[in-house]
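Presented below is the structure to which this report refers.
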Amino acid sequence: MVIERRLAQGYEIVCSSGHHFVARRLGPTVECPICGETAVTTDLTTAFFGRQVAAVGD
Ligand SMILES: [Zn+2]
């Protein structure tokens, strides 16, 4: 599961099965409402913001 992008109303997230959904708030974990996959929020945000920093570095 990864955070696709930041939206005004929350975060657009894509799970491992390719389901797109919007999380209005990020709790300790994020759950896909379609297949029930869960992920730890800090893992998602670390990857998301790390990717942004890497992009700026390029
Ligand atoms: Zn899913």
For the chain, which cysteines have no second Cys with its Cβ under 4.7 Å from theirs?
Cys35
Along each principal axis of its Cα atoms, how long is the chain end to end? Whole angstroms, biggest number first, please.
35, 22, 21
Scan of the chain for trypsin sites (Lys or Arg not before Pro) in DSSP loops with at most 10 other beta-carbon atoms within 10 Å gives a longest site-free stretch of 26-58
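Every number in this text was worked out from the coordinates using simple rules, so none of it is lab data. Just so we're clear, the structure is a prediction, and the values are computed from it rather than from any experiment. When we count neighbours, we look across all protein chains shown, and the Cβ atoms used for this are built from the backbone with ideal geometry, even at glycine.
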